[in-house]
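A quick write-up on the structure given underneath.
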Amino acid sequence: MTPEAVIFDIGNVLIEWQPERHFDKVIGEARRKELFAAVDLHSMNDQVDRGANFHELLAQTADENPEWRAELGIWHDQWIEMASPEIPHSVRLLRALRAKGVPVFALTNFGVQTFAIAEPVYPFLTEFDKRYISGHMQVIKPEVRIYEMVEEDCGVAPEGLLFADDRTDNIEMAASRGWQTHLFTGPQGWADCLVAKGLLTESEAA
């Protein structure tokens, strides 16, 4: 069936999220590898995405790892540089769908405080019809509860949802619930999917 609503992940779909790349640039690859081996930064980020306070958790993590305090300060102070740049073609697709009257939602693993940092930098984050932000929901993808919460709130049956995400585990859970899905590997493939689903013309998806 033609999707009734489209759901975008944000990290690596609308905004690049590559912390290792940023740290390689700032402190060098060798030092970055030592840091990421010593401190489980992705687990820390998952806690933020579940609703932990970004600023408090960074301070706690720095207290627990004083030898990495300066580098953890980079994660805190330069967070928006890690969450950049935006992916312009994906933003155009979001806006093209809205211009056609297609409901567009966000479903994202994102912290409360970090989303507040990103929102003024990326105005398109305010343009969704509905936003499902894990930090506020206190559950993250690919846990089943976050998908249930979307279904309970959005007013669209699972089979009417088309969801794009860059992670296979997130896509597989959505598909298991009957959602239509697209594994995002780049904006052109996502554009082609939206055309194939009958939501945009090729010129609208350019």
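The values are calculated or read from the model by the stated rules, or taken from the named source; none is laboratory data. In this text the structure is predicted, and so the values were computed from the model without any measurement. Neighbour counts are summed over all protein chains in view; Cβ atoms, including those assigned to glycine, are modelled from backbone coordinates with ideal geometry. Surface areas here come from the heavy atoms of the whole protein model, side chains and all, with no ligands, DNA or RNA. Shrake-Rupley method; radii C 1.70, N 1.55, O 1.52, S 1.80 Å.
Worth pointing out:
- Within region 145-168, considering residues that are open to solvent by less than 70 Å² (accessible area, probe 1.4 Å) and part of a loop (DSSP other than H, G, I, E, B), the one nearest to Gly135 (Cα to Cα): Asp166
- Restricting attention to region 169-192, the residues that are open to solvent by 70 Å² or more (accessible area, probe 1.4 Å) and assigned to a helix (DSSP H, G or I) add up to 4.
- Count of residues meeting criterion [open to solvent by less than 80 Å² (accessible area, probe 1.4 Å) and in a helix (DSSP H, G or I)] in region 56-69: 7
- Here is the figure for region 84-110: residues that are under 20 Å from Asp166 (Cβ atoms), of a type in the set (A, V, I, L, M, F, W, C) and in a loop (DSSP other than H, G, I, E, B) total 2.
- Taking the criterion of being charged (D, E, K, R) and either touching a Phe, Trp or Tyr at 6+ places or on another chain (Cβ under 8 Å) or buried (at least 19 other Cβ atoms within 10 Å of the Cβ) (or both), the only residue of region 88-117 that qualifies is Arg95.
- Subset of region 25-55 that is part of a helix (DSSP H, G or I) and of a type in the set (S, T, N, Q) - its residue that is surrounded by the fewest Cβ atoms within 10 Å (Cβ to Cβ): Ser43
- Among residues of region 99-122 that are within 12 Å of Ile15 (Cβ to Cβ) and among the small types (Gly, Ala, Ser), those with a Cβ under 6 angstrom from a residue that is part of a strand (DSSP E or B) and open to solvent by 40 Å² or more (accessible area, probe 1.4 Å), sequence gap 6+ or separate chain, pair up as Ala106/Arg131.
- Criterion violated by Arg21 - all others in (1) open to solvent by 20 Å² or more (accessible area, probe 1.4 Å); (2) under 30 Å from Glu159 (Cα atoms); (3) among the charged types (D, E, K, R) satisfied: (2)
- Contact annotation: no residue pair with Cβ atoms under 8 Å, 6 or more positions apart or on different chains, pairs a residue in region 75-94 that is at positive phi and β-branched (Val, Ile, Thr) with a partner that is surrounded by fewer than 20 Cβ atoms within 10 Å (Cβ to Cβ) and assigned to a loop (DSSP other than H, G, I, E, B).
- Restricting region 118-134 to residues that are in contact with a Lys or Arg (Cβ under 9 Å, 6 or more places away or on another chain) and closer than 16 Å to Pro88 by Cβ, the residue that is surrounded by the most Cβ atoms within 10 Å (Cβ to Cβ): Leu125
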